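The values are calculated or read from the model by the stated rules, or taken from the named source; none is laboratory data. These figures come from a predicted structure and were not determined experimentally. All Cβ positions, even for glycine, are placed from backbone atoms using ideal geometry, and neighbour counts span all protein chains on display.
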């Protein structure tokens, strides 16, 4: 109604709350509030919100399985379940976390919500395809969960042949579920690429794209190029399991190592499907809370594409002890070193962004700090794992488990949580509790370290992964890991509770509580049906905070548009 | 950029390409017959595949460039298609390179080079047995 | 220094020169990782303290990166990573090129045991005996799914692929006993697929081999008599059954002390009424026991998974008879009291 | 793509101009075609590896196929691709009925193609040239190469045939719409996209033919 400059706003110096800032005519009430209006919606924001709910449920299920694993490993012998149950539990943990949570979490959830807004578009290019993608996700999840409930799968999420083609458990439904979810992933990626190419608002050149878009764009490229290969591979395994066609079956002259090639051709880039969106979120967060332009925009933007491209050349580093040739080992080893560089570029640029900034230590920023540490340590241990002779010792031990959890939980989940806190005011129009947020962040970061640093040491000692029982010398570190996991889980439960409270009773956040110059903050919170009151035109980059840019006053100082 | 590009794409499609299509059809038929005849000649081992694939690539390029109008289109569409072909080469090339250079006995028994060479004593169990 | 870092990083003992070299690289890699992580982290903390937000209207300058900054960001880590690679890759290549004079040992993984065979010599289950200071080449294969032979003390690992051979080699220089694990997930018994590497002083090893050869001659003389249908050495049938059971790995899944394991216990199994998966009951007589060895899935006891491989063709009829006799002998009163020592494997000479 | 094909030829609400919308549809289709190419890639890579490992058996096996069927089918698909291209040309001139006729000719080509395929499959069934576990053909020796060849043969040609069926359906639907006058000289992107799909099916066969029948 009236301009609400910062000086008038209540709240701390970290964010500005605005009691009048709840935009009533938003996407949550328009075009309707009934169930049908959600199930048939073509609005990218609603689809994004449905994805966020879906992946959060998947995260809870996967987390529950994780706690079962840690509980079982509390003692060296059998603790709470038998070996077969344990094998099913860790398989389900992997399948649920990777296919149902990690891959869709940030791109399909936050990406769907914010990509069109950041482009100044009204929607994604193909809204119907977008809805189809969501239902394919649900269908795939349903098929996979059917397989898990009726029979379960004990192959591990990697489905290595010939184990997966000879096991008596129900592998085929889980494979088909992953196959269907793959198509969901492809459709989302396709949609995002086309949207980025064709629906940018006037003035939004490639050089002005928000870094979140660059990250999501690079992710989409991987989804498009890698997912079909794994789809076909999973189908081949299913055909072999059901009908004995024998493409990977050593008894019929097939080569099981070929399966590993195909599988990792997707699954290694899939790691970047998981981490690139988190990096994209962090690029936004670091600028917003340092209130400064990113140090080296081009470096950060192009390194996303670099990761997407070079990430495809490294899959063989999962096969160093699989009987792969030493020649291929060398090629994949050296190429892996290059993919580490792109991550290093990002890390240094984020750090340098803080230089001469105005840094606010809020919950999203706390997750940024955690993210940065986990990414550096997880990333460098990843490069260390590609150092061939070291990998021979570490391969398939808890060192690998700890490494990829540093990247996937450490980095990706930190990115997810940072995004959740950063954008919650935009999505719901309400603010979470900053005090509880910081408490939970500290618990999560510390609990995480206590869970996985012992696992690095277990790997050094030589404890192989997927072990149901273990010699007693591994006991102490396993107990430490389980203890850490409990703290981590408790922290996540706290996040869940205060987020739900905030959605219902949180203080009104207003248009731009963080004083960010990201494009998504130019629209009211929650955003209206077609994202902007009038189609926007951009005359500046998204991360420019310098006061020598008079053409672009801080958004919170701009006059509020009229609304009822 | 995007707008002008799509303008150009539409403009080009408005011209009639019928003559060009006929020429491409003729070339495709000729190349198909050529590859069939080349296969009859029985070239030495690697060359038969190389010739067959070279002709197939020529035919594929004709289809992609003229029937599918990549010749007329700029930028993104070409890039997308070219990128997918790069990754085809990547997957085929590096998996094949692995099989060609690994420890020969690690290839399936009965395949090229995997038969026990003289310097390897056959295993005492009388060969690898694998039972389901 | 080596010892301190090794203990700090929880690394197992180093039983070969290769292990020590790999560990040296390990220390270098971990120290640089720690330094880099700490460096980034401390820089962030410093920047945060130095440039923390002081007011809601803080102004910040527009900072342009110089080309030299970005170049440094690329070149420094790349040089470091390539250095790691340059040290690690030759070590890896050396592992894939066994010396010509290496002694061969054939390794076969199967659910869930390791079998080690010496050409023209003895073979053993789960215990790999090698001489110290002599290169040993392992030719590794598998009978069912992929396994992975892992000796942490040698920093050595290689997958066992069904139906074909992979190779690796080592030269242990410290006599002692070391763990052997299976590192590639292979089913319910994955974590029980434990073995042992015994590195013996050379003279002791040679003595062991000749002893094994001698006892093998006796066995092979008997084999020669009826090559098609091998007769077990004369003796107690129950004792032979016990041997067959440990040779074939039955005791990996079936306990002989009454405890529940992957498969039903053998104690008091004979003549027991078993409830089957389909609800029917069956009396475990000789016929049922034999049938279950040949077609384990046909009449599965309720509460157990169908994970047992068929032994059709893997057991000779006398061996089956011996196994059945052994199972019959396992009555409650016959079982010793006291804690289970678990299935024990000793090296058994076998052709 | 589905938007562009299903929606009436006016502008969708979230696009600012028809040109942008058509550009988006085209780019989306090309991305989809890229995923199709990569879907086949796993099979081609598998073919490449086993062709290398069992080169003798594979060469023999391809001689046991009916090369004339492969050749005829190649020519059929090339001609059908030409008629689809010509159909697009007619659509651009606003002659929807011609587009329909040309597309129907291509669908007819597809039917003939499938008939040959069915004939060939039946023949293989009788000979025991079946995939994996079901393989009983004896003329290729006892090695495992023959069974693998036919597993790959059925996977590649089967997946391709599935695409032919899909393509025939798409061509029929778009052809009928063209006859009904749904497309104008300004808006015929769906015709173009349907054509692209059919050309891709042709393109893949152009590589399948030498690999399976000639190599």
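Kindly check whether there is at least one residue in the range C:176-185 that is more than 14 Å from every other protein chain (Cβ to nearest Cβ) and either at pLDDT 90 or above or in contact with a helix residue (DSSP H, G or I) (Cβ under 7 Å, 6 or more places away or on another chain) (or both). Give the steps one after another, and end with the answer.
First pass over the range C:176-185, keeping only residues more than 14 Å from every other protein chain (Cβ to nearest Cβ): C:176.
Then drop every residue that is not either at pLDDT 90 or above or in contact with a helix residue (DSSP H, G or I) (Cβ under 7 Å, 6 or more places away or on another chain) (or both), which leaves C:176.
Yes: one or more hits.
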Given the options A:417, A:390, A:375, A:424, name the one that is buried (at least 23 other Cβ atoms within 10 Å of the Cβ), part of a helix (DSSP H, G or I) and within 7 Å of another protein chain (Cβ to nearest Cβ). A:390
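Considering each of A:100, A:176, A:92, A:129 in turn, give the residue that is in a helix (DSSP H, G or I) and within 14 Å of chain D (Cβ to nearest Cβ).
Details: A:100 fails: within 14 Å of chain D (Cβ to nearest Cβ); A:176 fails: within 14 Å of chain D (Cβ to nearest Cβ); A:92 fails: within 14 Å of chain D (Cβ to nearest Cβ).
Only one candidate passes the filter, namely A:129.
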Scanning the range C:110-126 for residues that are buried (at least 23 other Cβ atoms within 10 Å of the Cβ) and more than 13 Å from every other protein chain (Cβ to nearest Cβ), the one nearest to residue C:309 (Cα to Cα) turns out to be C:113
Search result, residues across the range A:219-242 that are within 7 Å of chain D (Cβ to nearest Cβ) and more than 13 Å from residue A:270 (Cβ to Cβ): A:232
State whether one or more residues within the range D:136-152 are away from chain A (no Cβ under 11 Å) and buried (at least 23 other Cβ atoms within 10 Å of the Cβ). no
If we keep only residues of the range A:453-481 that are under 24 Å from the mean Cα position of the chain (by Cα) and more than 24 Å from residue C:148 (Cα to Cα), then the residue surrounded by the most Cβ atoms within 10 Å (Cβ to Cβ) is A:481
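If I ask for residues that are crowded, with 24+ Cβ neighbours inside 10 Å and in contact with a strand residue (DSSP E or B) (Cβ under 6 Å, 6 or more places away or on another chain), which ones from the range C:140-151 would you list?
Across the range C:140-151, the qualifying residues are C:140, C:141, C:142, C:146, C:147, C:148, C:149, C:150, C:151.
Given the residues D:155, D:193, which is the only one that is within 30 Å of residue D:95 (Cβ to Cβ), buried (at least 22 other Cβ atoms within 10 Å of the Cβ) and within 13 Å of chain A (Cβ to nearest Cβ)? Talk me through it step by step, then tell me what you get.
Working: D:155 fails: within 30 Å of residue D:95 (Cβ to Cβ).
On inspection, the qualifying residue turns out to be D:193.
Based on this model, can you work out whether residue D:190 counts as within 29 Å of residue D:56 (Cα to Cα), in contact (Cβ under 8 Å) with a residue 60 or more places away in the chain and touching a helix residue (DSSP H, G or I) at 6+ places or on another chain (Cβ under 7 Å)? Break it down into steps so the answer makes sense when it comes.
Numbers: within 29 Å of residue D:56 (Cα to Cα): no; in contact (Cβ under 8 Å) with a residue 60 or more places away in the chain: yes; touching a helix residue (DSSP H, G or I) at 6+ places or on another chain (Cβ under 7 Å): yes.
When the stated conditions are applied, residue D:190 does not pass them.
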Does residue A:449 qualify as being within 14 Å of chain C (Cβ to nearest Cβ), in a helix (DSSP H, G or I) and buried (at least 21 other Cβ atoms within 10 Å of the Cβ)? no
Please state which one of C:4, C:11 is under 39 Å from the mean Cα position of the chain (by Cα) and surrounded by 18 or more Cβ atoms within 10 Å (Cβ to Cβ). C:11
Look through the range A:29-61, keep the residues that are surrounded by fewer than 17 Cβ atoms within 10 Å (Cβ to Cβ) and assigned to a loop (DSSP other than H, G, I, E, B), and return whichever of them is modelled with the lowest pLDDT. A:30
Please work out which one of (1) within 21 Å of residue A:212 (Cβ to Cβ); (2) within 14 Å of chain D (Cβ to nearest Cβ); (3) assigned to a helix (DSSP H, G or I) is the condition residue A:105 fails and give its number. (2)
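Let's see how each residue does on (1) modelled with pLDDT of 95 or more; (2) at the interface with chain D (Cβ under 10 Å from one of its Cβ atoms); (3) within 30 Å of residue A:319 (Cβ to Cβ):
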{"site": "A:120", "(1), (2), (3)": "no, no, no"}
{"site": "A:123", "(1), (2), (3)": "no, yes, no"}
{"site": "A:133", "(1), (2), (3)": "yes, no, no"}
{"site": "A:136", "(1), (2), (3)": "yes, no, no"}
{"site": "A:147", "(1), (2), (3)": "no, no, yes"}
{"site": "A:151", "(1), (2), (3)": "no, no, yes"}
{"site": "A:154", "(1), (2), (3)": "no, no, yes"}
{"site": "A:159", "(1), (2), (3)": "no, no, yes"}
When you look at residue C:48, is it assigned to a helix (DSSP H, G or I), touching a strand residue (DSSP E or B) at 6+ places or on another chain (Cβ under 6 Å) and without any contact (Cβ under 8 Å) to a residue 60 or more places away in the chain, yes or no? yes
So residue B:82, is it modelled with pLDDT of 85 or more, more than 13 Å from chain A (Cβ to nearest Cβ) and within 30 Å of residue D:84 (Cα to Cα): no
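Taking the range C:29-45, which residues are more than 7 Å from chain A (Cβ to nearest Cβ) and either in a loop (DSSP other than H, G, I, E, B) or crowded, with 16+ Cβ neighbours inside 10 Å (or both)? Spell out the reasoning first.
Residues of the range C:29-45 that are more than 7 Å from chain A (Cβ to nearest Cβ), as a first pass: C:30-32, C:34-35, C:38-39, C:42, C:45.
Matches in the range C:29-45: C:30, C:32.
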Restricting to helices (runs of 4 or more DSSP H) lying wholly in the range D:22-131: which have 1 or more residues that are without any contact (Cβ under 8 Å) to a residue 40 or more places away in the chain and within 9 Å of another protein chain (Cβ to nearest Cβ)? D:55-63, D:67-92
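Among the listed residues A:353, A:343, A:362, identify the single one that is over 30 Å from residue A:55 (Cα atoms) and within 10 Å of chain C (Cβ to nearest Cβ). Step through it out loud before you land on a result.
Values: A:343 fails: over 30 Å from residue A:55 (Cα atoms); A:362 fails: over 30 Å from residue A:55 (Cα atoms).
Within the list A:353, A:343, A:362, the selection yields A:353.
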Residue ID - nearest to the other protein chains (Cβ to nearest Cβ), chosen from residues in the range C:157-171 that are in contact (Cβ under 8 Å) with a residue 60 or more places away in the chain and in a strand (DSSP E or B): C:167
Condition test on residue A:216, is it at the interface with chain D (Cβ under 9 Å from one of its Cβ atoms) and crowded, with 24+ Cβ neighbours inside 10 Å? no
